[in-house]
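Inspection log for the structure reproduced underneath, given as structure tokens.
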Amino acid sequence: MSFGTAEYKKRILKTKERMAAEGIEVLLITDPANMNYLSGYDGWSFYVHQMLIIIIDEEQPIWIGRGQDANGAKVTTWLYHENIIPYPDDYVQSETKHPMDFVADILKQIGQQNRFIGVEMENYYFTAKCYEQLKKGLPNASFRDASLLVNWVRIIKSETEIEYMKRAAKIVEKTMAAGIELVNEGVRECDVAAKIFHTQITGTDEFGGDYPAIMPLLPSGERTSTPHLTWTDQRYKSGELVILELAGCYKRYHSPLARTVHIGQPSEKIKALSEVVVEGLNACLDMIKPGIACEEIEEAWRKSIEKSGIIKESRLGYSMGLNYPPDWGEHTASIRKGDKTILQPNMTFHLIPGIWLDQYGFEASESFRVTENGCETFAELPRDLYIKEASLTKI
């Protein structure tokens, strides 16, 4: 386990307090990050249906998953083995059976069929079919949406979680430096991606890395006008911008980071854009402290960039930390206008004030934690535009 049993029990208690406030007696968790947070379960099994069940008047959760994954639950969780319940393999991707039929049967067997049941409706891993089968199998239950109930419990990190994110930051520092070093004229984008993957997993001499929840995002040239492209097998050209957005990951805890490289001397327009973004990023970091609202950070950004005439319509950042593919964000607080979430110590965010124009873009980001008096960034790397002297390289 990544944490001691006492910390898992504390998390369960906080979750039950939220359940009670929402009138939920049984909570069905399918988000693998929430499952990990409460039980320690860690496996690449989220492509099939699996679940952690929190019953408000039972001490331990129940894990239900595919039979061949049950031993993984025994190895990685703090649960009693009798609370790990496998379903047979003929439930997997079947046209006649569904794992939620099995879940419903278990809930009936243990007398939970008439209770108020919370389900994570807004969740990549909980399908419409899951919901329909649960309702069919538990006709006397009252279902409630509990999409972000556990996510909000996760928003304030423990000291051990912060330490894991600091280790992830050490990995991302090495990874970003390796990627920037390799980017140059004539180098294939896929070779830079390979170097990034190798460095992410190798980690440091003291600790290795984990797979991140998002692939390295590596748009170049005109593709920098949009943030969520990966890489191709094309070779970089002189005069191109290259954005690198990636993360270090340690025990499923992330530290994302974005930087931008220009091959050869950039135009005045590109230099000006980079200066606007970095100045706004610095202005935000300087004013972050406990007690302010997320929307106040966005307001500081807007005031910083307004003289440039640039307008950013997308959010400025989001809470993040523990997660699985396809996202390292926690889906709770966002740094944007209208979000009145009050910052508290040990909240952690990815602040990414990227600007994507019609033909090019610039990103520089920082992951940070809120401290008692301000904030601290997890990684330490220069934020300005990286300029590489174009020199034809083939590998």
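The values are calculated or read from the model by the stated rules, or taken from the named source; none is laboratory data. Bear in mind the structure is a predicted one, so any value in this text is a computation, not a measurement. Please note: Cβ atoms are built from the backbone with ideal geometry, for glycine as well, and neighbour counts cover all protein chains shown. Please note that ligands, DNA and RNA were not included when accessible areas were found on the heavy atoms of the full protein model with its side chains. Shrake-Rupley method; radii C 1.70, N 1.55, O 1.52, S 1.80 Å.
Answer yes or no as to whether Gly248 is part of a strand (DSSP E or B) and touching a Gly at 6+ places or on another chain (Cβ under 9 Å). Criteria met by Gly248. Taken over the stretch 363-395, the criterion of being over 21 Å from Trp301 (Cβ atoms) and assigned to a strand (DSSP E or B) is satisfied by Tyr386, Ile387, Lys388. State which residue is surrounded by the most Cβ atoms within 10 Å (Cβ to Cβ) when the search covers only the stretch 179-206 and only residues that are touching a residue at least 60 places away in the same chain (Cβ under 8 Å) and of a type in the set (Gly, Ala, Ser). Applying the filter and picking the extreme gives Gly179. Each residue in the stretch 328-345 was checked for being open to solvent by 10 Å² or more (accessible area, probe 1.4 Å) and either in the same structural domain as Met121 (by TED's automatic domain parsing) or under 15 Å from Ile292 (Cβ atoms) (or both), and 9 of them qualify.
Every residue, every condition in (1) under 20 Å from Asn34 (Cβ atoms); (2) within 20 Å of the chain's Cα centre (by Cα), yes or no:
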{"position": "Arg144", "(1), (2)": "yes, no"}
{"position": "Met165", "(1), (2)": "yes, yes"}
{"position": "Val192", "(1), (2)": "no, no"}
{"position": "Thr199", "(1), (2)": "no, yes"}
{"position": "Phe207", "(1), (2)": "no, no"}
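Here Tyr318 fulfils each of the conditions (1) among the aromatic types (Phe, Trp, Tyr); (2) buried (at least 23 other Cβ atoms within 10 Å of the Cβ); (3) in a strand (DSSP E or B) apart from (2). Out of Ile297, Ile311, report the one residue that is open to solvent by 10 Å² or more (accessible area, probe 1.4 Å) and assigned by TED's automatic domain parsing to the domain that holds Phe378. Step by step, each of Ile297, Ile311 is checked, and only Ile311 is open to solvent by 10 Å² or more (accessible area, probe 1.4 Å) and assigned by TED's automatic domain parsing to the domain that holds Phe378. Listed by first and then second residue, the pairs with beta-carbon distance under 6 Å, at least 6 apart or on different chains, first residue in the stretch 23-34 and under 17 Å from Asn123 (Cα atoms), second outside any helix (DSSP H, G or I) and small (Gly, Ala, Ser), are Leu27/Gly118; Leu27/Ala146.
Among the residues making up the stretch 350-362, a single one is part of a strand (DSSP E or B) and in contact with a Lys or Arg (Cβ under 8 Å, 6 or more places away or on another chain): Ile355.
Only a single item in (1) at pLDDT 95 or above; (2) within 24 Å of Tyr253 (Cα to Cα) is not met by Gly4, and it is number (1).
Just one of the listed residues (Leu343, Leu385, Leu357, Leu351) is out of contact with any strand residue (DSSP E or B) (no Cβ under 9 Å at 6 or more places or on another chain) and either touching a residue at least 40 places away in the same chain (Cβ under 8 Å) or farther than 14 Å from Ile156 by Cα (or both), and it is Leu357. Cβ separations smaller than 9 Å between residues 6+ apart or across chains give the following pairs from the stretch 1-14 residues that are touching a residue at least 40 places away in the same chain (Cβ under 8 Å) to residues that are in a helix (DSSP H, G or I) and open to solvent by 40 Å² or more (accessible area, probe 1.4 Å): Ser2/Thr160; Phe3/Thr160; Glu7/Thr160.
Taken over the stretch 222-245, the criterion of being small (Gly, Ala, Ser) and not in a loop (DSSP other than H, G, I, E, B) is satisfied by Ser225 alone. Candidates are the residues of the stretch 261-294 that are touching a helix residue (DSSP H, G or I) at 6+ places or on another chain (Cβ under 7 Å) and open to solvent by less than 50 Å² (accessible area, probe 1.4 Å); the one that is nearest to Thr332 (Cα to Cα) is Ile288. Of all residues in the stretch 231-243, at least one satisfies being β-branched (Val, Ile, Thr), touching a residue at least 24 places away in the same chain (Cβ under 8 Å) and in contact with a His (Cβ under 8 Å, 6 or more places away or on another chain). Condition check: closer than 16 Å to Val153 by Cα, of a type outside the set (A, V, I, L, M, F, W, C) and modelled with pLDDT of 95 or more. Does Asn83 satisfy that? In short, no.
Would you check which residues across the stretch 256-275 are small (Gly, Ala, Ser) and under 26 Å from the mean Cα position of the chain (by Cα) and list them? Ala258, Ser274, listed by residue number. Filtering the stretch 351-395 to residues that are charged (D, E, K, R), open to solvent by 10 Å² or more (accessible area, probe 1.4 Å) and under 18 Å from the mean Cα position of the chain (by Cα) leaves only Arg369. Tell me whether the stretch 276-289 contains one or more residues that are more than 22 Å from Thr348 (Cα to Cα) and under 24 Å from the mean Cα position of the chain (by Cα). No - not one qualifying residue is present in the stretch 276-289.
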